[in-house]
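A quick write-up on the structure given underneath.
The values are calculated or read from the model by the stated rules, or taken from the named source; none is laboratory data. All figures in this text were calculated on a predicted structure; none of them were measured in a lab. Every residue, glycine among them, receives a Cβ derived from its backbone with ideal geometry; neighbour counts consider all protein chains shown.
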Amino acid sequence: MLTYGDLPDIIPIFPLPGALLLPRSRLPLHLFEPRYLQMLEDSLKTPERLIGMVQTHAQPDKDEAALHKIGCVGRVTQFSETEDGRYMITLSGVCRFRILDEVSGFTPYRRCNVSWDGFQRDLGSVEQDLGFDREAFLELLGRYFDARSLSADWETLKDAEDELLVNSLAMMLDFEPEDKQALLEAPSLSTRRETLVTLIEFALRGGQSDEVLQ
């Protein structure tokens with residue numbers, strides 16, 4: 001298990017809008033662009049095997065998207081190569097970070113100088129949500145799934161720990177990148193759950209899913 005002292009000052013960045021990674025959660029990724037294959041190769045050469053996931057937003061008159069200031073780093077815990085040279089990997093979320101500045105250099109992928117200050121709790125034990133009304137939450141979630149014609153393993157959802165349930169839904173549900181960023185930046189599990197409820201309620205009020213959360 002990584003500790004605060006294991007976290008480096010500079011990390012490789014994978015900017016991917018809509019892909020959310022949270023501490024103690026797992027994110028499957030498909031890598032095929034040469035620069036990100038190089039990023040994976042370089043990451044696997046380090047003892048930590050870290051890759052930072054960051055949301056982006058457009059920059060007027062610039063080719064490269066701007067990075068949000070807060071992201072989450074994950075450790076490569078699984079990877080497999082396809083016959084045509086692509087990789088399927090799994091990132092296990094470790095800790096959020098704040099970008100200080102982008103590092104120029106000779107790598108084809110982006111790297112950033114980051115600070116871990118303020119996110120030490122991410123490295124601790126599983127969070128609890130003492131104010132969680134699970135029955136009401138699952139009823140709301142059921143209406144959301146029905147509205148979008150989604151299916152779910154409700155027994156698994158009912159039995160899941162608070163953090164696993166809230167974080168998994170935050171990562172999987174189809175929200176806009178800015179909404180994903182709000183879920184990432186939530187200071188506590190209860191705040192993330194409240195944000196998630198607000199987004200689901202907004203989606204239900206908005207009608208058709210493709211027109212919601214613009």
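Could you grab me the full set of residues in the stretch 20-44 that are part of a strand (DSSP E or B) and within 14 Å of Cys95 (Cα to Cα)?
Going through the stretch 20-44, the residues part of a strand (DSSP E or B) turn out to be 26-31.
Result: Arg26, Leu27.
Quick one: which residue in Leu100, Leu91 is surrounded by fewer than 16 Cβ atoms within 10 Å (Cβ to Cβ) and either in the same structural domain as Ala170 (by TED's automatic domain parsing) or assigned to a strand (DSSP E or B) (or both)?
Values: Leu91 fails: surrounded by fewer than 16 Cβ atoms within 10 Å (Cβ to Cβ).
Sole residue among the options that is surrounded by fewer than 16 Cβ atoms within 10 Å (Cβ to Cβ) and either in the same structural domain as Ala170 (by TED's automatic domain parsing) or assigned to a strand (DSSP E or B) (or both): Leu100.
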Point to revise | Pairs, first polar (S, T, N, Q) in the stretch 13-40, second in a strand (DSSP E or B), C-beta under 7 Å, six or more apart | key: Ser25/Gly93
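Suppose we keep only residues that are of a type in the set (D, E, K, R) and assigned to a loop (DSSP other than H, G, I, E, B) within the stretch 146-163. Which one would you say is surrounded by the fewest Cβ atoms within 10 Å (Cβ to Cβ)?
Taking the stretch 146-163 first, the residues of a type in the set (D, E, K, R) are 146, 148, 153, 155, 158-159, 161-163.
Then drop every residue that is not assigned to a loop (DSSP other than H, G, I, E, B), which leaves 148, 153, 161.
On the way: Arg148: 14, Asp153: 9, Glu161: 12.
Taking the candidates together, the pick is Asp153.
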Review point. If we scan the stretch 129-140, do we find a residue that is at pLDDT 95 or above, under 21 Å from the mean Cα position of the chain (by Cα) and surrounded by 12 or more Cβ atoms within 10 Å (Cβ to Cβ)?
Key: no
Exercise for review: Sort through Leu140, Leu130 and tell me the only one that's under 23 Å from Arg193 (Cβ atoms) and part of a loop (DSSP other than H, G, I, E, B).
Suggested key: Leu130
**Study point:** Residue that is farthest from Ser125 (Cα to Cα), among those in the stretch 50-88 that are among the acidic types (Asp, Glu) and assigned to a loop (DSSP other than H, G, I, E, B)
**Key:** Asp61
Practice item. Specify which of the listed residues (Pro17, Pro47) is out of contact with any strand residue (DSSP E or B) (no Cβ under 6 Å at 6 or more places or on another chain) and outside any strand (DSSP E or B). Key: Pro47
